[in-house]
Amino acid sequence: MIQHEKLENVVIRFAGDSGDGMQLTGGQFTRTAALHGNDLATLPDFPAEIRAPAGTTYGVSAFQLHFSSNDVYTPGDVPDVLVAMNPAALITNLIHLKRGGTIIINDDAFDKKHLELAGYASNPLNDDSLSGYNVVRLPLTTGTLKAVEGLGLSNKEAGRCKNFYTLGLVYWMYNRPMEPTLQWIEEKFSNRAELAEANAKALKAGFNLGETVELFNARYDVAPAKLPPGTYRNITGNQATALGMVAASQRTGLKGFLGTYPITPASDILHFVSRYKNFGFLTFQAEDEISAICSALGAAYGGTLAFTTTSGPGVALKAEGIGLGVMTELPVVICNIQRAGPSTGMPTKTEQSDLFQALYGRNGEAPVPVVAPQTPGDCFWMIMEAARLATKYMVPVFFLSDGYLGNGAEPWQIPAVSDLPDMKVTFHTDPDHFHPYSRNEVEARPWAVPGTPGLEHRIGGLEKHHGSGGVSYDPGNHEMMTKIRASKIAGIANDIPELEVHGDQEGDLLVLGWGSTYGAIHVAVDRMRARGYSVSQAHLRYLNPMPKNTAEVLKQFKRIAIPELNMGQLSRLIRSEYLVETVNWNKVQGMPYTAGELEELIEKLLSGEERMNPVDEASMADAR
Amino acid sequence: MNSIEQNGLNVIADKPEYTAKDFSSDADVRWCPGCGDYSILAQVQRTLPRLDRKKEEYAFISGIGCSSRFPYYMNCYGFHTIHGRAPAFVTGLKVTRPDLSVWMVTGDGDGLSIGGNHMMHILRRNINCNILLFNNRIYGLTKGQYSPTSEVGKKTKSTPFGSIDTPVNPVRFALGCGASYVARTIDREPKHQQEIYEDAYNHQGTSFIEIYQNCNIFNDGAFSQLTERDVKDDNVLPLKHGEPMIFGKESDKGIRLNGLRLEVVSLSDTSVEELLKHDESSQELAHTLALMIDRPGMPTPIGVIYREERSTYDDLANGQVETAIERFGEGDLEKLLHEGETWVVA
Ligand code: SF4
C-alpha cells in the first residue's frame, strides 16, 4: 500500500540531452504546479549549442523547479529529485543533488556508448558511487516505445515521447493531475493527430508506471501556498519585461517601438512583443546592435516610447548611440539581459557583470539612470519605471535584468490596469519662447517632436548651448551642460522609493544586493535570523541614482556584505560613494547564488572566520 | 499618387507659400568657401517650396562628416546623429512617423565606409525617404584621407604611396542592395539637381541619389571632366526615360548596345534608331549603366538610373498593425496581462 506523505518543499531537476525535451518537461510541471496553487521558482539551465552532439556532457540541458506550500524565493539550492535521462546528464548534475536524494535513471541510456560519451570509465549503476542516493532505475525509453506502439510513428518520433512518459511518472509521484498537460498536448499537436495521441499515451503510461512498478514507497502532496489573494499567472522575467513595455506604452499614451537585434538571453522579449501589434506596438529586427539603438533613438525623436533589448556584447556596440541619447536628451530604455562575459563569454549562463558597463561604458561624462528588477515578476514593474524615468527626465535609462531572471519563472499576481502608475506624457507644442534646451523643474528639456508647427529645431551629438540648443564650443557652457546632465540624473533620487531594510533596522550585518540575487539573499538572511544572528537585508532596485536614504541605512550596521555575480562592482560603487567598508562575496560561475552558499558565508563572517575580503587581499598582494 | 494623399492627410490646401529663404536656418554655414555643398544646400532649399508639404513635416537626418552638417542649415526639424548610422535613425523615425517627409544626408565615407552596412539594409527594406549621398571621393572633415570611392593609386595624407583598394561604385552598390530608386546628379548642375530632388521626393520608397560634389580643399577638380564647360558635354550622358542616349557638345554621339556591352558611336555614321533607349524600369539596363563610370571612354550617366514601384517597409509595418487591430481588436491591456493560464487565490 502506497502512502501519501505531505511535504512543504520539493526541488526537482530534470536533466537530459538537449534533444530530450527537458525544458518542455520542466515547463509543463511548472504550469501544473502553478495551477495547483504552489508558490514556485524555476531555473532553466541549457547549453549554448542548439543541438550539441547527442549524449555528450556539453549537450546536457536541465530544468530545475522549486515548488512549495510556503513562499518561494529561489529555485532551490539542491534538488530532492534528479531525473537523469542519460549518463551525461547524471555526471553533470549529480553535484547538484542532495545526499539521500532520489535519482530517477533512464536505464536504457546507460549503455557502453553513452557511458563513454559521458566520460564514465565504469557504469556508476554497477558500483557504489551512487550508494548515498535513492536510485530508481527504469527503462524509460523502452517503456515509451511500448506505450506508443502501433501508432505508426518512426522510431525517432516514438523515442521523443519519452519526456512525456517521464513527466507522467513524476506527476504520479507528486500526485498531480494530467489534464493541463493533456490539454496542452492536444493544442500543440492539433495538426499532427498521431503525435498528439502518442504524447498523451506516453504521459498516461508514465503515470501508470508509478502505480505498478512498486519502486516508490510513497507519493507526495505539496499543498497550495498561502499567496496574497488575487489572480495569478506564471511569468518569466522576459515575459514580464515584454508585458511591462506594452503597459508603459499604454500608460504614457505613446506608441511603442522596440528596435533590437537577436541575442541570447534577450531574444524572447522581441518574440513576445512582436505579437502585440494590435497595441500599436512596432518591433524592428535591425541589421545589428548599433542599428537597433539608433532606430530606437530615431523613434524617440519622433515622439515614440522606444526600447532596445540586448545583452552585454550588444551594449558594447550600442555605447556610441547611448551617448548620443545622453547628449540629445532623448528618452529610450536599454534592456540588458546580462550573461557571463567578457566577449561572447557564456551566452546561456547568468552573471551581473555589466553594472559598470551600464554606469560608465561610454565616452565622455555620460551618466544615465540604472534600474534593476529583483525577481521575474519585478521585471514588469521596473521596465515601466525605466520608461517613466526616461520620459519624465528625457534621458536613456538602463534596465539591468539577467539570464536567470529572464528565463526563470514565478507565479505573478496580475495587477489591475487601474492600479498601474499614470505616466501620461505631453509633448511641447507652444512655439512662444521655445528653446529646445530649456529646462523644467526637474531639469528635463522639452520633448518637441517633428510635425509640430513653429518648433522646427536641430539637435545632434555636438555640445549644445544651454537653452537655445545651438552648437557650442564655449568652455564654460560645456562644463555647465556636463553638470546639468549629471544633476538631472542625481535629482531622480527625490523621485524614487527609499531603500527598505528587511529584518531589524540596525545590527551586526547588512547583506546588500541588487538584481537577481534578491531571492537567495532573502532566504539566507531569514534562515540566519531564525538561528538568532543579527543580520538584515537591503536590496537596491535603483543603482543610479541610489535611494537617498542609502547612506543612512548603511550606517545602522556594523558590517556590510555585498554578494554579487561579478567581481565586486556594486561593492566598489558603495565604497566610493559612501566611504564605507564592505565585504565582497563574489561568484562568477554562470550560476546564481544558492541560499545555502550565502548562509554559509554569513555564518563564517559573523563567527569571525572571514575577516578580510578577497579583493583587498589581492590588491594588497599587487601593491607588494 | 504622392505620399501625402496616401497618408490621408490633406495638407496641400493650407500649405503656406514658401520661398527658399524659409528653409534657411539662422546658423552660420561653416563649409569652406567654394565647397560644392553650398550648391546642394541651395538646390534643396529651392526645391522644397515646390513640394506639397509644410515646413514642420520635413526631418533632415545626417551622420558625421562635412555633408552631415547639412541639417543645421535647414530651417526644418533636423538630427545630426553619429557616424554612419543615419539610416537606422531614419528607419526608426519613418516607421513610427510615416506622416513625415524624411531626408537623409550622408557622404561617401559616412554612407559607404563606416555606415555601409546600414546603407545596405535601408535600401533593401525600402524605407520611404530620400537619401542624398554627397560623393567627393575624399575624407574632408578629418582633413584629407582617401575614401572608399577614391580611385586606386590616390595619394593622400594616409596613402602617401597611393591607395591600393578598389573603390566602391555607389550606384552599383545601391542597385546591388535592391534600391527601388537610384539617381545621380552633380553639384554644378543646379537645375538638374532640383529636378532629381523633386522626382525623388515623389518616389515611394528609398530614393538614393549620388551627388558628385567637389571638395575644393582636399580633392579639388575630382569631377572637373564632368563640370568644366569645354569638356563636360562630351563626358556626361543625361538620361531621359524612353529617349535615346545622346550626348556630346554637338549632340553628335550616342550609346549603342553591342552584344552585352555598351559602346560609344558617332551619329555621323549611326542612326538614332540604333541607339539604346533609356528605360528606368529595367534592372538589367541599370546595372549596365552603373558600370559606365568604370569603363574608360564612356560618358558618366546622370539622371534617374533606376526606378521601381514596390511596397515600402513603413507601409508594410504599419499595415501589419492595422491588420492585427482588425483581426484582434484594439489591444486590451487587462486581457493581455491575463493571457494564458491564470488562477485565483482567495
Ligand atoms: S573640407 Fe571639402 S567637403 Fe568639407 S567643407 Fe571643405 S571643401 Fe567642403
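Read-outs: derived from the displayed coordinates by stated rules, not from any lab. The structure displayed is predicted, hence computed values, not measured ones. Backbone-built Cβ (ideal geometry, glycine too); neighbour counts: all protein chains shown.
Starting from the Cα gyration tensor of the stretch B:164-291, multiply each eigenvalue by 5, take the square root, and state the resulting semi-axes largest first in whole Å.
23, 20, 16
So what's the stretch B:19-137 giving for Cα Rg divided by 2.2 N^0.38 Å, two decimals?
Compactness ratio reported: 1.00.
Which residue, B:GLY162, B:MET120, B:LEU262, has the largest displacement toward the positive end of the dipole of chain B when charges sit on each Cβ (Lys, Arg +1; Asp, Glu -1)?
Farthest along the dipole direction, towards plus: B:GLY162.
Could you tell me how many degrees, from 0 to 90 and to the nearest 10, lie between the Cα long axis of helix B:86-96 and the main elongation axis, the longest principal axis, of the Cα atoms of chain B?
Roughly 40 degrees, rounded to the nearest 10.
Determine, at each q value in 0.09, 0.16 (inverse angstroms), the log₁₀ of I(q)/I(0) that the Debye formula gives when each Cα of chain B is one equal point scatterer.
Debye curve over Cα of chain B, log10 I(q)/I(0) at q = 0.09, 0.16 Å⁻¹: -0.52, -1.44.
Could you tell me which residue out of A:CYS379, A:TRP172, B:PRO244 lies farthest along the dipole of the protein assembly as shown toward its positive end? Charges go on the beta carbon: Lys and Arg +1, Asp and Glu -1, centred on the Cα centre.
It is B:PRO244.
In peptide B:55-67, what is the residue-averaged number of other protein chain Cβ atoms found within 10 Å of each Cβ?
Per-residue shielding by partner chains comes out at 3.
Straight-line reach only, C-alpha to C-alpha below 26 angstrom: list the lysines that A:LYS188 could link to, leaving out same-chain residues fewer than 8 apart.
Hits, sequence-local ones excluded: A:LYS146, A:LYS156, A:LYS162, A:LYS201, A:LYS204, A:LYS277, B:LYS335.
For the stretch A:116-250, what mean projected area does the convex hull of the alpha carbons give, in nm²?
13.7
Taking θ = phi - 60°, what integer Hz values does the Karplus form 6.51 cos²θ - 1.76 cosθ + 1.60 yield along the stretch A:140-152, in sequence order, with x for Gly and Pro?
5, 6, 5, x, 5, 4, 5, 5, 9, 4, x, 9, x
Arrange the peptides B:137-150, A:521-534, A:257-270 so that the one whose residues have, on average, the most other Cβ atoms within 10 Å appears first.
A:257-270, B:137-150, A:521-534
Between the alpha-carbon centers of the stretch A:220-277 and the stretch B:174-211, tell me the distance in whole angstrom.
44
Could you size up the charge dipole of the stretch A:132-277 around its Cα centre, putting +1 on the beta carbon of Lys and Arg and -1 on that of Asp and Glu, and report it in debye to the nearest 20?
480
Can you work out ³J(HN,Hα) from phi for every residue in the stretch A:187-200, in order, using Karplus 6.51 cos²θ - 1.76 cosθ + 1.60 and θ = phi - 60°, giving whole Hz and x for Gly and Pro?
5, 5, 9, 4, 9, 9, 3, 5, 6, 4, 5, 4, 5, 5
Full-extension gain between A:ASP422 and A:GLN3, please, as 0.36 nm times their residue separation minus the C-alpha to C-alpha distance.
Here the answer is 145.5 nm.
From the convex hull of the Cα coordinates of the stretch A:501-623, what is the mean projected area in square nanometres?
Convex hull of Cα atoms, orientation-averaged projection: 7.4 nm².
To make sure I understand the rule: partners must be lysines, Cα under 18 Å from the Cα of B:LYS253, and not fewer than 8 residues away in the same chain. Which ones qualify?
Within the straight-line limit of under 18 Å, B:LYS253 reaches these lysines: B:LYS232, B:LYS240, B:LYS277.
If r is the Cβ-Cβ distance from B:TRP343 to A:ASN155 and R0 is 41 Å, what FRET efficiency results, to the nearest 0.05?
FRET efficiency, B:TRP343 to A:ASN155: 0.55.
Which net charge results when you count Lys and Arg as +1 and Asp and Glu as -1 among the other residues whose beta-carbon is under 12 Å from that of B:MET119?
-1
When the Kirkwood radius is taken over all Cα pairs of the stretch A:233-419, what Stokes-Einstein diffusion coefficient follows at 10 °C and 1.306 mPa s, in µm²/s?
Taking Rh from Cα pairs, D becomes 101 µm²/s.
Considering only C-alpha atoms, what is the centroid distance from the stretch A:1-78 to the stretch B:75-103, in Å?
47
Report, as an integer, the average count of C-beta atoms from other chains found within 10 Å of each Cβ along A:285-295.
6
What is the dipole size for the stretch A:426-495, taken about its Cα centre, with +1 at each Lys and Arg Cβ and -1 at each Asp and Glu Cβ, in debye to the nearest 20?
It comes to approximately 180 debye.
A:LEU151: net charge of surrounding residues, Cβ under 14 Å, Lys/Arg +1, Asp/Glu -1, itself excluded?
+2
If the cut-off is a Cα-Cα distance under 12 Å, which aspartates and glutamates reach A:LYS587, setting aside same-chain residues fewer than 8 apart in sequence?
Candidates past the 8-residue exclusion: A:GLU351, A:GLU564, A:GLU597.
Among A:PRO342, A:THR56, A:LEU153, flag the residue with its Cα farthest along the positive direction of the charge dipole of the protein assembly as shown, charges on Cβ as +1 for Lys/Arg and -1 for Asp/Glu.
A:PRO342
Using alpha carbon centroids, what distance separates the stretch A:173-209 and the stretch A:124-143, in Å?
26
What FRET efficiency comes out for the pair B:SER311/A:GLN589, r = Cβ-Cβ distance, R0 = 41 Å, nearest 0.05?
Once the sixth-power term is evaluated, E becomes 0.25.
Over the whole of A:442-455, what's the average partner chain Cβ count within 10 Å per residue? Rounded to a whole number, please.
3
What spacing in nm lies between the two simple spin-label points modelled at B:LEU291 and A:ASN134, each 7 Å away from Cα in the Cβ direction?
It is 7.8 nm.
Given H placed on each backbone N at 1.01 Å, which residues far from A:TRP412 in sequence or on other chains put an amide H within less than 5 Å of it?
Those lying under 5 Å, H to H, from A:TRP412 are A:ARG233, A:ASN234, A:ILE235.
For the stretch A:426-495, what does the convex hull of the Cα positions come to per residue, in cubic angstrom?
Measuring per residue, one finds 95 Å³ for the Cα hull of the stretch A:426-495.
From Cα pairs below 8 angstrom and at least 6 apart in sequence, can you work out the relative contact order of the stretch B:51-183, rounded to a whole percent?
20
Taking θ as phi - 60°, what are the ³J(HN,Hα) couplings along the stretch B:63-69 by the Karplus curve (6.51, -1.76, 1.60), each to the nearest whole Hz, with x for Gly and Pro?
These are the phi-based 3J(HN,Hα) values: x, 10, x, 4, 4, 6, 6 Hz.
Under 13 Å from the Cβ of A:LEU182, count the other residues' Cβ atoms, weight Lys and Arg +1, Asp and Glu -1, and hand me the total.
Its environment carries a net charge of +1.
Under a point-charge model restricted to the Cβ atoms of Lys and Arg (+1) and Asp and Glu (-1), what is the dipole moment magnitude of the protein assembly as shown relative to its Cα centre, in debye to the nearest 20?
Approximately 620 debye in magnitude.
Once you keep just the Cα pairs under 8 angstrom separated by 6 or more residues, what percentage relative contact order results for chain A?
Computed value for chain A: 11 percent relative contact order.
Label-point separation (nm) for A:SER576 and B:ILE246, each offset 7 Å from Cα along Cα-to-Cβ?
Simple spin-label model gives 7.4 nm for this pair.
In vacuo Debye scattering of the stretch A:3-222, one point per C-alpha: log10 I(q)/I(0) at q = 0.09 Å⁻¹?
-0.33
Among the listed pairs A:LYS318/B:LYS155; B:LYS157/B:LYS191; A:LYS464/A:LYS488, give every one whose C-alpha distance is greater than 26 Å.
From A:LYS318/B:LYS155; B:LYS157/B:LYS191; A:LYS464/A:LYS488, over 26 Å: A:LYS318/B:LYS155; B:LYS157/B:LYS191.
P(r) tail for the protein assembly as shown, what percent of Cα pairs lie past 47 Å?
Percentage above 47 Å: 39.
Given Cα pairs under 8 Å that are at least 6 residues apart, what percent is the relative contact order of the stretch A:3-222?
About 22 percent, as a whole number.
If I model a spin label at A:MET480 and B:ASN202 as a point 7 Å from the Cα along the Cα→Cβ vector, what separation in nanometres do I get?
If labels sit at A:MET480 and B:ASN202, their model points lie 4.9 nm apart.
Give me, ordered by chain and number, the residues 5 or more places off A:GLY377 or on other chains with an amide H under 5 Å from its own placed amide H.
Under 5 Å from the amide H of A:GLY377 lies no amide H from a residue far enough along the sequence or on another chain.
How do A:42-50, B:61-69, B:121-129 rank on mean C-beta neighbours within 10 Å, highest first?
B:61-69, B:121-129, A:42-50
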